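The values are calculated or read from the model by the stated rules, or taken from the named source; none is laboratory data. Worth saying up front: this structure is predicted, and the values here are computed from it rather than measured. Glycine also receives a Cβ, built like all others from the backbone with ideal geometry; neighbour counts cover every protein chain displayed. Just the protein is used for accessible areas: all its heavy atoms, side chains included, with ligands, DNA and RNA removed. Shrake-Rupley method; radii C 1.70, N 1.55, O 1.52, S 1.80 Å.
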Amino acid sequence: MKALDRITAAWIITVTLVFPIAILLGILMRLNQANVLELSPLTFYSFMTAHGLLMVGIWFVMSMAGVSYLLQRYVEVRVWPITFGYVLTLVGVVLLLAAIFGGGFHTGWYFLYPLPFYARTEEWATMAFLLSLGSLGVGWFVWSLGLLVAILRKYPLTRALAWHHLVGKSEPETPPFILISTTTLLGLVPAFVAAVILLGLFFMEYLGGVKQDALLMKNLTFYFGHTLVNEMLYFGIAALYELFPALAGKPPYRTKPFVALAWNLVLVVVWTAYFHHLYMDFVQPTVLQYVGQLASWIAPIPAIAVTAFSVLGTVYRSGIKWWLAPTFFFTGVMFWIIGGLGAILDAIVANNFVLHNTLWVPAHFHTYNLLGNVLFSLGFITWFVREQSGDDGSRLYRPVATLYLLGGAGFVAAFYIAGALSIMRRVDKYPELVANGGVWALVGALFAILVLVAVAIYTVHVVRRCWRVLAAA
Amino acid sequence: MPQSTILLLFFLGSLVIAGVFWWVWRTSRQPAPGSVEPLRRWIFVGLLLFVGIFTALTLWRMPYFLYAEELPERVIHVVSRQFAFALSERPIETDAEYAAALGQTVELPLGKVVEFRVTSFDVNHGFALYSPDGRIVAQVQAMPGYVNRLRWRFDQPGEYVAQCLEYCGAAHANMQARFVVR
Amino acid sequence: MLARLSGCLIVAPLLWAQLNEGHYYLRSVPDVPVTLITGEQRSLHHLLQSRAVLLTLFSSRCQGLCSPYLLYLKRELASPREFAVVALSFDPRDRLTDVAATAHRFGLAKASGWTWGLLHPTGAMSLLSTLGYAVRYDSSRADYDHSIVLFVLDRRGNILRRMEGFQDPALLKDLAREARGEFVLSYPLPSTDVALRCFELDKETGSWRLSMGMALLLVPPIASFALAGLVQLALALRRTQPPQP
Ligand code: HEM
Ligand SMILES: [Cu+2]
Ligand SMILES: [Cu+2]
């Protein structure tokens, strides 16, 4: 379908152009922490806010765009919700950048209540920021609803969730791609609802001066933030299930009972995993802390296990031809597991007691974003470019893969080590309390520059070819 | 677990994971019949064991009720506000009390249980205790509207730093308080 | 009646005032001699040794609030098991027989968990000043003006809590929990200007219980299931509609 090709190409161009800019912001932050640069605190925190929101935003929409494109293999996909999502995303991003760089909005990507009311920000910037979130939220909600309806038109809910596979039936088969997409789309709804409530309460205070309960607001913030980021990873996995076996010249993956079980578990357990963001809030009812630790372990492990097992099984003695797309998927799974290990270590409350809000946190989430989810999306993009242009980017393969993976691994390793050294996250300059913070920041920055080079080369390759898809209209 | 153990576990685990992927990648270069299917059962049993053991080992070591059975030797009231902590043996309820407490020096006993009652007058802050050698030993969040109680026993004498560990605005990095344990 | 009334009326402002109790936290009380109505001679710390104590002070001759206050304590605390209630007369005019008569009058002379006794004039002053217990003799009425306070003392003889006046019985229960040695990890500050609170003070048990704010967290998952169901339903209805000509 031409329209779907075009909107997908538009997403890819947008995302791959923003990506290097957001990386650059990250490197500037690291260099500032290394005392190579002297940014003002406000500039640093504006960069941090922009970096976090842009990264989460572009990779969320890219993973959605990938799933939207691949979904046409099974069901009839309507393009207007995707286009609607695209337009509102652009509006949201413009408002966002205006709030951050025009109005000095600098509360971090999670804008934890009541910080927006206390930060030295232009009055209108907070409003612009909240409106921006509203625009993104509406756009993404309509888009995901469009996909959900498209799926449910053909697959009734219980079949889309593969419940018949749970009890051992294998017919009619629910493809893993449908199963994962459905659990992920449904899993996202609470994130949107939480965001709506959160924004409502924010506006209540902003316009009506009514104060809110900080505990409630923090719960809602992470209900929304954690769930969104978590689910975008699963969209990436859906694309992997769909594309990887074919790339390895193997038959498509089947939905086995434990696969169905793992993803149904994910659907509900994901919603309680966010409690781990509140471990150090002793006021949170303690039973939720126990639920949090259990959920944080149960949510990723089955999904990781079945995916890793499938991917390793596919590659084992396969004679697969390695090019950018399968390499991205394969290494993405590896780093997803490694990041998962970092995550579950931190999700143990007793460990979180000394790791919470240290650099261990960005360490693990950069592992399964930069080196996990992003790689899944890049895998899709590379595959898409080959479908459209026939060019598999073989000239880029070695430099891009090597620079990206080596740079990424070094960059996150510097975060892990610093986190274990009690070096805190989200500071513009390290206090002398943690003297070697700057050293690890420099190491991280140097490795990140390798990633930037790889991404720059890759972006040129992709944008040129996707532009032709757009221009063909 | 001390941070160094966690890091070690993490690096060892990552090496094993990377090793498996590397090995499988090597096998992919020569196509041959063979399947990893027989391994499936073992992997899942192993995983279950791993999860079970870790959960059993760690779930009961929650830091929430540390020293709950004992009575603290001292109680320190902590109020955080952009961008300083006020620590005092007396409760801090007003701006004046906050201002008065800012300059106070607090000394805490070595090897005795101390209780911090931590709250905030404005935004969320974090209250993390850094030992004299610069390691986090304990922490709790400071949330407006709530008082969190953190009990701790200091086993190492020297100057400790309470560092804000929740991003709270432009001067977050410098939000600290110091106290001495002897 | 009076207790109920005053409890209801003054609880909100006093909740704040009570925070002031922190000034007394962990102050250690002097180990003063006490004569019990059984005739035994004890020291205050000796009374604390086996269990934590709720301590209150009174005068047998008091024409004011002592009687309603003791009645209020009797009603709200009944016969406690995990802690002891110690009622001591601070009035130097009181004899042991006066104290015993008061205990009998309230039907608490032999009640389990209750201990009645008389402070010795020598030790009384130092104890009262540590406790922050105000006593002033009013010669026109020939009676004492004095505080009405309940203290929680731990086994080492330190003040854990201090509650002034007639309070919401819920807060009294809270004191009792403290006296039993329960550790409350965290507590909300009782401000009321918040839209949706996560915790509400439970009048029955004196503990904080979850409230509307927390319940709101159930909305997102419910909404998810509801949405899935609705979409499913709408599609099913559409399918069953006869095709349009
Ligand atoms: C080479 C690429 C990247 C670099 C150099 C980089 C760098 C950074 C740095 C320096 C920080 C601040 C760390 C601190 O707290 O001190 C940060 C935070 C963050 N990064 Fe990245 N990052 C990269 C890629 C990504 C990707 C791919 C994502 C997500 C998909 C991402 C999401 C975030 C988020 C959400 C934050 C937290 C922002 C906040 O605290 O408000 N980053 N990154
Ligand atoms: Cu702070
Ligand atoms: Cu801070």
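So here's what we get for this one:
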| quantity | calculated |
| --- | --- |
| Of A:169/A:256; A:211/C:173; A:250/A:321, pairs whose Cα-Cα distance is over 19 Å | A:211/C:173 |
| Buried solvent-accessible surface, both chains (B, A), 1.4 Å probe, Å² to nearest 100 | 6900 Å² |
| Carbon + sulfur, % of accessible area of chain A - ligands and nucleic acids excluded, 1.4 Å | 69 percent |
| Average beta carbon contacts from partner chains per residue of C:33-45, 10 Å cutoff | 0 |
| Net charge of Cβ neighbours under 10 Å - reference residue C:82; Lys, Arg +1; Asp, Glu -1 | +3 |
| Three-way shape call for the range C:2-179 based on the alpha-carbon gyration tensor, with the a/c threshold at 1.5 | rounded |
| Residues of the range C:118-142 with amide N under 16 Å of the 7 Å Cα→Cβ point at residue B:89 | C:130-131 |
| Under the span-like rule (Cα at least 18 Å along the axis, Kyte-Doolittle mean at least 1.6), DSSP H helices of chain B | B:39-58 |
| Modelled label reach - residue C:182, point 7 Å along Cα→Cβ, the range B:121-153 residues with backbone N closer than 20 Å | B:146-151 |
| In Å², nearest 10: area of residue A:433 left accessible to a 1.4 Å probe | 30 Å² |
| Zero-based 10 Å bins, Cα pair distances in the range A:299-425, whole percents | 13, 37, 31, 15, 4, 0 |
| Heavy atoms of residue A:157: accessible area, 1.4 Å probe, square angstrom to 10 | 40 Å² |
| Shape of the range B:3-65, Cα gyration tensor, a/c cut at 1.5 | oblate |
| Interface residues, the range B:62-76 - accessible area loss of 40 Å² or more versus chain alone, probe 1.4 Å | B:62, B:63, B:64, B:65, B:71 |
| Pairwise label distance in nanometres, residue C:71 with residue C:189, each label 7 Å out on the Cα-Cβ vector | 3.8 nm |
| Overall form of chain A per C-alpha gyration tensor (a/c, 1.5; a/b vs b/c) | rounded |
| DSSP beta bridges in the protein assembly as shown [antiparallel fraction, %, rounded to 5] | 70 percent |
| Alpha-carbon centroid distance for the pair the range A:157-176 / the range B:131-182, whole angstrom | 52 Å |
| FRET E, pair residue C:147, residue B:159, Förster distance 45 Å, beta-carbon r, rounded to 0.05 | 0.60 |
| Charge dipole magnitude, Cβ of K and R +1, D and E -1 - the protein assembly as shown, Cα centre, debye nearest 20 | 2460 debye |
| Fraction of beta bridges assigned by DSSP in the range B:32-182 that are antiparallel (%, nearest 5) | 70 percent |
| 10 Å beta-carbon shell around residue A:419, net charge (K/R +1, D/E -1) | 0 |
| Protein-only accessible surface order, largest first, of A:213, C:31 at 1.4 Å | C:31, A:213 |
| Stretchable slack from residue A:471 to residue A:166, in nm (0.36 nm times residue separation minus alpha-carbon distance) | 105.2 nm |
| Interchain or long-range residues, amide H under 5 Å from residue B:85's placed H | B:176 |
| Solvent-accessible area of residue A:211 with every protein chain in place, 1.4 Å probe, in Å² to the nearest 10 | 90 Å² |
| Distance between the range A:114-130 and the range B:1-66 - C-alpha centres, whole angstrom | 44 Å |
| 1.4 Å probe accessible area per residue over the protein assembly as shown, in Å² | 38 Å² |
| Estimated FRET transfer efficiency (residue A:142, residue B:65; beta-carbon r; R0 60 Å; 0.05) | 0.85 |
